[in-house]
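The values are calculated or read from the model by the stated rules, or taken from the named source; none is laboratory data. Small disclaimer: the values here were computed from a predicted structure and weren't measured. FYI the Cβ positions are ideal-geometry reconstructions off the backbone, even for glycines, and counts take in every protein chain you see. Calculation scope for accessible area: heavy atoms of the full protein, side chains included, ligands and nucleic acids excluded. Shrake-Rupley method; radii C 1.70, N 1.55, O 1.52, S 1.80 Å.
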Amino acid sequence: LHSWGFWRPKSLLDTTRFTLSFKSWHRKNHQDSRALWKHEAVQKYLETLSKEYQQVSHLLNADSINDFEQRTLRRRCAHLSPIAAAFQEIKEAEREVQELEAMCRELESRDEKQLLELALEEKETLDKQINMLCRKLFRLLVPKEKYDRSHVILEVTAGRTTGGDICQQFTKEMFEMYQNYADYKHWTFDIVNYTPAEIGGLHHAAAHISGDDVYRHLKYEGGTHRVQRIPETGLSSRMQRIHTGTMSVIVLPQPEEVDVKVNPKDLRIDTFRAKGAGGQHVNKTDSAVRIVHLPTGLAVECQQERSQQMNKEIALRTLRAKLYQQILEKQLSQEQSARKLQLGTRAQSERIRTYNFTQDRVTDHRISYDARNIKEILSGKEALDKLINRLLEFAEIEAVTEYLENLQASEGGGC
């Protein structure tokens with residue numbers, strides 16, 4: 001393909017100015033996909049891909065290419081086709097917006113208020129459509145993450161504080177939030193472990209969540225979540241003192257086939273009586289199972305099923321997912337780029353979000369985003385979905401930026 005003079009857009013990648021201007025823009029403009037779309041370097045890159053798609057399509061119709069060249073061209077054409085289509089859709093929608101803007105100016109000068117209102121509504125609809133198409137385009141542009149479509153194991157654990165039950169109560173609210181979110185997204189939420197606190201909160205819990213693109217939506221929830229509130233019970237509630245507590249969330253991708261071999265000799269399996277809400281069998285039989293992986297010290301529990309054998313199978317599945325995650329973490333640390341503002345660090349000690357009840361505000365520190373109405377977010381429905389989608393959009397912008405910079409470095413000699 002190099003012999004035909006395309007495949008890599010040299011016109012975009014051969015200047016130092018591109019990298020410097022793009023990095024400088026990105027530092028100043030953590031905005032949205034529409035803002036990134038308007039950047040001159042991105043426009044040039046997409047124009048180049050669109051022209052390449054036309055060239056590939058033309059060559060596919062030529063009689064002079066052999067079978068190998070035809071297969072190669074077909075693969076490239078399949079990759080470029082949706083990108084070129086989305087690019088043209090956005091360009092066409094932008095032309096319509098420009099026409100509507102001209103019409104609005106004319107209607108305003110003629111004081112045609114009713115027609116102006118209709119034109120503005122149509123423009124608003126087109127703007128939303130363009131924003132959606134920009135996100136679609138950038139998702140097509142960057143390589144897809146391998147585990148985005150995977151099911152997950154989600155774990156929550158209460159932190160420690162000098163305020164009593166604030167962490168345990170917050171952990172319970174967070175676990176219920178993710179359970180409600182799974183219902184909102186039509187996912188399956190199976191609790192595999194649930195250890196309640198004595199005063200109505202939650203020490204630790206784990207769930208297996210399955211459905212469409214679960215890991216993609218939850219992968220940035222992993223980390224330390226902080227709560228600031230006045231406890232509803234106890235001395236501190238009468239004194240109206242604000243307490244700060246934390247809880248941690250771990251999100252482990254669980255592909256359908258996790259090929260991690262576990263030697264039975266490396267396992268210590270204990271059984272005990274289940275505790276907490278779970279049915280009539282609770283506290284009557286030793287159905288709960290704890291498995292410890294001796295070489296790593298990893299421990300998992302499952303107590304939700306009546307059958308000890310079923311709990312053991314679920315615990316083993318969770319253990320394999322955790323061992324698999326260790327392999328992934330090692331790969332990620334080796335492949336980690338120099339970008340410091342990368343969302344996918346998965347560092348569990350990182351404080352990612354603060355829930356301030358006294359100010360009714362949720363702040364995501366990674367994207368400097370504030371959302372109001374904590375109760376709406378903790379309900380696990382539209383408000384939480386909006387926050388998660390804001391994170392995903394930000395991550396897509398990061399991925400596009402890194403993709404273009406890496407492409408420039410590989411083609412332009414690291415300028």
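Scanning region 356-370 for residues that are open to solvent by 30 Å² or more (accessible area, probe 1.4 Å) and either among the hydroxyl-bearing types (Ser, Thr, Tyr) or farther than 18 Å from residue 227 by Cβ (or both) returns 358, 368, 369. Only residues that are of a type in the set (Phe, Trp, Tyr) and not in a loop (DSSP other than H, G, I, E, B): list them for region 215-227, please. Matches in region 215-227: 215 only. For region 371-378, check the following and say yes or no: at least one residue is open to solvent by 20 Å² or more (accessible area, probe 1.4 Å), out of contact with any His (no Cβ under 6 Å at 6 or more places or on another chain), modelled with pLDDT under 95 and among the small types (Gly, Ala, Ser). No; the residues of region 371-378 include none that is open to solvent by 20 Å² or more (accessible area, probe 1.4 Å), out of contact with any His (no Cβ under 6 Å at 6 or more places or on another chain), modelled with pLDDT under 95 and among the small types (Gly, Ala, Ser).
Tell me yes or no: at least one residue of region 281-293 is of a type outside the set (S, T, N, Q), modelled with pLDDT under 55 and either under 20 Å from residue 191 (Cα atoms) or open to solvent by 30 Å² or more (accessible area, probe 1.4 Å) (or both).
yes
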